[in-house]
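Trainee: Once you've had a glance at the structure underneath, I'll fire off some questions.
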Amino acid sequence: MTRHEARQSRRSRVVARPSGGDFACATECVEALVDFAFRQLALNRIYALQLARHPRPGHILSSIDMTIDGYLRKRVYDQGLFEDIACWAITADAWATRRQQ
């Protein structure tokens, strides 16, 4: 199966705002990226990985109806510690339903 047949893509980006800041801008940015990926690129599923110990990115992802698929335990090594990663995802069907509401 080719990448085209699977209708998947992987791009890594960090969308961040200084600590204590308003996340409305980050939420709008992530929402626009997800909308573009589903509507223009015709992807079937989008996922995002988040350091589990940092809750703020999870709030952004949940605000656009992404859900946690699971955790990758001790997946990355960061600042002297092995860190758990939360895997968030949303499908094209779920995104279409969200847009209709």
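Trainee: Any chance you could count how many residues in region 30-55 are over 11 Å from the mean Cα position of the chain (by Cα) and surrounded by 15 or more Cβ atoms within 10 Å (Cβ to Cβ)? Steps first, answer last, please.
Mentor: The first filter runs over region 30-55 and keeps only residues over 11 Å from the mean Cα position of the chain (by Cα), leaving 32, 35-44, 51-55.
Subsequent filtering for residues that are surrounded by 15 or more Cβ atoms within 10 Å (Cβ to Cβ) retains 37-38, 43, 51-52.
So the count comes out to 5.
Trainee: Moving on. Against the conditions (1) under 15 Å from VAL30 (Cα atoms); (2) surrounded by 12 or more Cβ atoms within 10 Å (Cβ to Cβ); (3) charged (D, E, K, R), where does ARG99 fall short? Just the number, please.
Mentor: (2)
Trainee: Could you say whether any residue in region 63-70 is out of contact with any Phe, Trp or Tyr (no Cβ under 8 Å at 6 or more places or on another chain), under 22 Å from ALA24 (Cβ atoms), among the small types (Gly, Ala, Ser) and surrounded by fewer than 16 Cβ atoms within 10 Å (Cβ to Cβ)?
Mentor: Checking region 63-70: at least one residue is out of contact with any Phe, Trp or Tyr (no Cβ under 8 Å at 6 or more places or on another chain), under 22 Å from ALA24 (Cβ atoms), among the small types (Gly, Ala, Ser) and surrounded by fewer than 16 Cβ atoms within 10 Å (Cβ to Cβ).
Every number in this text was worked out from the coordinates using simple rules, so none of it is lab data. These figures come from a predicted structure and were not determined experimentally. Positions of Cβ are backbone-derived with ideal geometry, glycine not excepted, and every protein chain shown enters the neighbour counts.
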